[in-house]
Every structure is written in C-alpha cells, then in structure tokens.
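Have a look at the structure below, then the notes.
Just so you know, all these numbers are worked out from the coordinates, no wet-lab data involved. This structure is a prediction, so every number in the text was calculated from the model and none was measured. Note that each Cβ is placed from the backbone with ideal geometry, even for glycine, and that neighbours are counted across all protein chains shown.
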Amino acid sequence: MPVIEVRNLRKQYADQVAVADVSLSVDEGEIFGLVGPNGAGKTTTVECIEGLRTADSGTVRVLGLDPRRDRAAVRQKLGIQLQESQLPDRIKVWEVLDLYSSFYPHPADWRALMDELGLGPKRNTVFAKLSGGQKQRLSIALALVGNPSVAILDELTTGLDPQARRDTWELIRHVRDRGVTVLLVTHFMDEAERLCDRLAVVAAGRVVAVDTPRNLIAGAQVPGVERPTLEDAILSLTSARSI
Amino acid sequence: MTALAKIIRVEAKLFLRDPVGMFFAIAFPALLILVLGLAMPGIREPADELDGRLPLEVYLPITMTLAIATVTMMTLVGVVGSYRERGILRRLSTTPVSPTALLVAQVAVNVAALLVACGLAWLVAATVFDVPPPGNAVGFVLAFTLGASAMCALALLVAAVTPSARASMGVGQLIYFPMMFFAGVWTPGPQMPDLVRKIADFTPLGAASLAVQDAWAGSWPTLLHLAVMVAFTVVLGGLAARYFRWE
Ligand SMILES: Nc1ncnc2c1ncn2[C@@H]1O[C@H](COP(=O)(O)OP(=O)(O)O)[C@@H](O)[C@H]1O
Ligand SMILES: [Mg+2]
C-alpha cells in the first residue's frame, strides 16, 4: 500500500485553477520530489495532502487515512514544513522545540534534533533574531520533532547557504534511513537530482511525468543539447504547458 | 492537557518578555489610581453625593473595568490577530494540537495579568489612600470574572471576523472608546445620566462596571447585570468559535 495516494485531485481558488488534475503515489521509505515552475500548484497539492485545504474533487489518502476526516490520527504521524510560516518573535529556539515535541505521543529527542540542524549554539536565541537560514532549519526541526512516519517539506532548502543545504540533504537521508517517507517540494534541480528517488514533474496543475531523475534525464529530447541535464529535461516537459 | 499547560506557560513567558505590553497590562491601573489620588482635587474627601464615600473608592472598581477593556480590546485582540496573520495558528494546526489551545492560553494569560493588575491597583489604593476592601468580596470576584469573560469573548469575536491584524486592532479601538464611556470612566457612580445607565446595563463592559461597583459598595451585583455578562460570554464566544478563521 502506498504511504501517500492522490487520485484526480482538483482545487480551484475563485476563478484560478491551482490544481487541475493531479494523481500520484508515494511508496514507503522513498524520498519523493514534486518539481515544477512557480505557480504550478505544488504547494496547493501538498496542502490538500496535509488536510490544510479541502480539495474540490479527487481523493487523498495518507497511511490509508483521509487527512480531513481522520485529522487527529493523521496529525500524529505526519510532520509538516509549511512554505511560509512564522513563530512568535520572542520565543526561544529551545522553547519552541520543547513545546512542539510535547504535542506528540512519541516525540523525537528535540535536543539531538537541534544539534543535528546546527541550532545548538542558538538555543537561547529568540525567533526574531534568527537569520533566514536559521529560521528555515528551525522549521525543518519542527516538522521532524514529532517523530513522524511521513514528512512533507515545502521548499526545504530555500534561503539556506550551500553548506547548510548539503547538511540538510544529509539529515533528510538520515531521516529516510530511519524509515520515514519524505515528500518534498522543490524548484532546485540539484536538490531534486541528488536527494529524490523519484520525481513528479508538475506544470499548470497537472503531473506531466513521474520517474527517477536518471530516467527523466535519459528520456529527455532537447533539440541542440547533446547531454541534457535534469533541468533541461524538466524544462522541456513543462515549457509546453506554461503560458 | 500537558500540551495545553505547556502552551500556557510559554505564552506567559512571551507576555513577560514584552515590556511595553506588560506595563500597560499590569502597572497601568495602579499608576492611574496613584495619579488620580494624588492629583485630583477632592477625590480623597468623603463626598455627600456618594453617601459619604471617597470618590476614589468609586473610581477603583471603574479603573479595574477599564483594565478589563484595555487587556481584552487592545492586548488580546492584537496578539490573536497577529498570530493568525503570521501563520502561527496555521502552523499549530499542522500538529495534533488544535489552534484553539493557543486561544485558550492567551485568554488564560491575559486574565491572569488582569487579576495581578487589579490586585496591584487595590494594594495602592489601600496602602496609600486608605480605600477600604470590597464590601462584598464574593460578589466582586463573581462580577469581575464574568465581566472579563464577556470581554474576552468579544475580543475573540473581533479577532475572528476581521480580515487582518490591522483591522482587528482598528475595530478593537473603535469598540474600546465608547465602551469606556458606558463603563463610567467619565461619569462615575451615581453621576451617570439615567439614559446612559440604561444603555450601559446592556453592554458587556457597562454591566461589568456597574456590577463591580455594586459589589465594591457592599451589595450583590444585580441579576440583570450577571445575566447580561453570561449572555455575552455565551453568545459572542459561540459566534467566535463558529466564525474563527485560522488563516
Ligand atoms: N490562497 C490562494 N488564493 C488564491 N490563489 C492562490 C492561493 N494560493 C495559491 N494560489 C494560486 O494558485 C496557483 C498555484 O499556486 P501554488 O500551489 O502556490 O504553486 P507552487 O507552490 O507550485 O508555486 C498560483 O497561480 C497561485 O497564484
Ligand atoms: Mg509553493
């Protein structure tokens, strides 16, 4: 049974169709990437999977559960990093980790997580005084602090410097090795290529391809380019669809 | 329950880390009493129109209702509006804990701050100006608690239906000033004109103020005022719960 299963998802805001028709399935223990241009509907898709938004039609299952109807059960097993969210200005790093870990029945050791994400030296720093990258790492830590079986991470490494990005990838691999299934949204090609086992390429609210990064590159036909990169491959898949 | 207790503890810490907000919430009523007592002529002389009581003794419960209005319409409305606008409530809704817990924690912290503030104001009035304690302590606690609940419910409703933190603050202030009028800030005790009093009877802060004044003077709050405060708490609180938008 797939860990995440989405069938014919559709979501419209007023007159803007954000997700036209998305189906995908994520298997246990894999790192599954959602890639595509800005506005393709990636965030809307994962927010429907997370139960933060109600789809207009289609079905979503996480660990076999409906994230809206079985909200409580799904929340305990799902770690979420939102694309955008803040914390109170005056809350300290250790306080928010300690607080969020108390929300879960079997939390991870937040002190270890804090160190793994390089936030140890900042444990007593308040949120408003953190740099963009530090806020991002804290947000990743909060997604993992509940010891989830599934983690959904939207724009995982946006705002991080190159070293922090590599450290974060390493962390995500460790998390996966512990058996966690990871769905991540990204628009970085190097991240998609190095971190993800499989990718769904999304354009204009539809999935245009699902495959491993290697196969996507191998199957790419880009006129005038001899050895296409993943970026070439994905651009050629999505450009026909974008306006 | 442990999660809620922890949220309350963290919110209390955050409250204590905001010096300006803390000053207004906690020190302001005591300072107001101090300034009134020292600067206003005649406020410490027994007044005939008050049956020989000190005007300051009438102002003290009014100051306390003023504190209720400030903490609910300014602090509570502001914090809840900004928590929503900044996605903090939404972030919480991704965890097993309902964002309602954060609202409950905010109400708890602000009501606790109110109690401390009013305790301080009374301490100042008693030690510096010899104002006697409330004539009906049980009635006072009842009236104060119900008044605070009704105003918390109103604050949550304002935060629930306004689209942004700015709008929440604006509406909060729009309600704040006329409410102070009905609370008798400018026309304390028996000086309130009859018509104003008739309207005040049916506003949450007016009912709270009159009930608290009655209890301070030694009688029981009237059934009307208690009923008005309970009704506002239930109705406004219910509407807030129903229409609250988390994002
Ligand atoms: N809350 C919203 N209200 C209205 N339109 C939205 C909202 N969120 C996203 N959209 C629109 O839906 C489309 C898809 O957005 P999104 O899912 O955020 O894409 P992505 O994450 O791939 O960049 C965009 O055109 C965006 O402008
Ligand atoms: Mg997005």
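Numbers at a glance
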item	result
Selection from the stretch A:96-128 of residues that are of a type outside the set (Phe, Trp, Tyr), facing another protein chain (nearest Cβ under 10 Å) and in contact (Cβ under 8 Å) with a residue 24 or more places away in the chain	A:Val96, A:Ser101, A:Pro105, A:Val126
Pick from the stretch A:55-95, criterion touching a helix residue (DSSP H, G or I) at 6+ places or on another chain (Cβ under 7 Å), more than 13 Å from chain B (Cβ to nearest Cβ) and part of a loop (DSSP other than H, G, I, E, B), ranking: surrounded by the fewest Cβ atoms within 10 Å (Cβ to Cβ)	A:Leu63
Candidates B:Pro41, B:Pro46, filtered to the one that is away from chain A (no Cβ under 14 Å), surrounded by fewer than 20 Cβ atoms within 10 Å (Cβ to Cβ) and touching a strand residue (DSSP E or B) at 6+ places or on another chain (Cβ under 8 Å)	B:Pro46
Selection from the stretch A:151-168 of residues that are within 12 Å of the chain's Cα centre (by Cα) and outside any strand (DSSP E or B)	A:Glu155, A:Leu156, A:Thr157, A:Thr158
The lone exception for A:Ser102 - which of (1) in contact with a helix residue (DSSP H, G or I) (Cβ under 8 Å, 6 or more places away or on another chain); (2) within 16 Å of ligand 2 (Cβ to nearest atom); (3) more than 16 Å from A:Val210 (Cβ to Cβ) it fails	(2)
Failed item in (1) within 11 Å of another protein chain (Cβ to nearest Cβ); (2) surrounded by fewer than 20 Cβ atoms within 10 Å (Cβ to Cβ), with B:Thr100 passing the rest	(1)
Hits in the stretch A:28-56 - residues which are more than 8 Å from ligand 1 (Cβ to nearest atom) and either farther than 11 Å from A:Leu183 by Cβ or aromatic (Phe, Trp, Tyr) (or both)	A:Glu28, A:Gly29, A:Phe32, A:Val35, A:Cys48, A:Gly51, A:Leu52, A:Arg53, A:Thr54, A:Ala55, A:Asp56
Hits in the stretch A:21-44 (condition: within 16 Å of ligand 2 (Cβ to nearest atom), small (Gly, Ala, Ser) and in contact (Cβ under 8 Å) with a residue 24 or more places away in the chain)	A:Gly33, A:Gly36, A:Ala40, A:Gly41
Complete set of residues in the stretch A:57-74 that are within 17 Å of the chain's Cα centre (by Cα) and either β-branched (Val, Ile, Thr) or farther than 16 Å from A:Leu183 by Cβ (or both)	A:Val60, A:Val62, A:Val74
Long-range neighbours under 6 Å by Cβ, at least six apart or interchain, first residue closer than 16 Å to A:Val185 by Cβ within the stretch A:198-224, second in a loop (DSSP other than H, G, I, E, B) and among the β-branched types (Val, Ile, Thr)	A:Arg198/A:Thr212
Qualifying residue in the stretch B:201-215 (condition: under 30 Å from B:Pro99 (Cβ atoms), aromatic (Phe, Trp, Tyr) and not in a helix (DSSP H, G or I))	no
Subset of the stretch B:175-198 [under 19 Å from B:Ala67 (Cβ atoms) and in a helix (DSSP H, G or I)]	B:Ile175, B:Tyr176, B:Phe177, B:Pro178, B:Met179, B:Met180, B:Phe181, B:Phe182, B:Gly189
